[in-house]
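Following: one structure in structure tokens, then a few remarks.
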């Protein structure tokens, strides 16, 4: 599974709140919800977050092996 746990850490480090993402950067609340649930998002969304946070893809997401091994 893809985990976005790192996203929340880097947002805190950079002082960017979920509210700021919605109001200042036009991020959809639905996209934030999908990221919180570690659900799939488009590469466009990942690119947008990298631009906003001035970071690399691996700074906001990582692969974690599922408990069932798949």
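All of the numbers you see were taken from the coordinates with simple rules; none came from a lab. Predicted model, so just to flag it, every value in this text is computed and none were measured. Don't worry about glycine lacking a Cβ; one is built from the backbone with ideal geometry, like all the others, and counts go over all protein chains shown.
Values as computed for the structure displayed
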| read-out | value |
| --- | --- |
| Residues (assigned to a loop (DSSP other than H, G, I, E, B) and under 21 Å from residue 56 (Cβ atoms)) located in region 21-33 | 27 |
| Residue list for region 34-70, filter: outside any loop (DSSP other than H, G, I, E, B), free of Cβ contacts under 8 Å to residues at least 12 places away in the same chain and surrounded by 11 or more Cβ atoms within 10 Å (Cβ to Cβ) | 34, 47, 50, 57 |
| Residue, farthest from residue 66 (Cα to Cα), within region 1-10, restricted to residues that are in contact with a strand residue (DSSP E or B) (Cβ under 9 Å, 6 or more places away or on another chain) and outside any loop (DSSP other than H, G, I, E, B) | 6 |
| Residue tally, condition within 14 Å of residue 54 (Cβ to Cβ), in a helix (DSSP H, G or I) and either in contact (Cβ under 8 Å) with a residue 12 or more places away in the chain or touching a helix residue (DSSP H, G or I) at 6+ places or on another chain (Cβ under 7 Å) (or both), over region 11-20 | 2 |
| Every residue from region 21-33 that is farther than 17 Å from residue 10 by Cβ and either touching a residue at least 60 places away in the same chain (Cβ under 8 Å) or surrounded by fewer than 14 Cβ atoms within 10 Å (Cβ to Cβ) (or both) | 23, 26, 28, 29, 30, 33 |
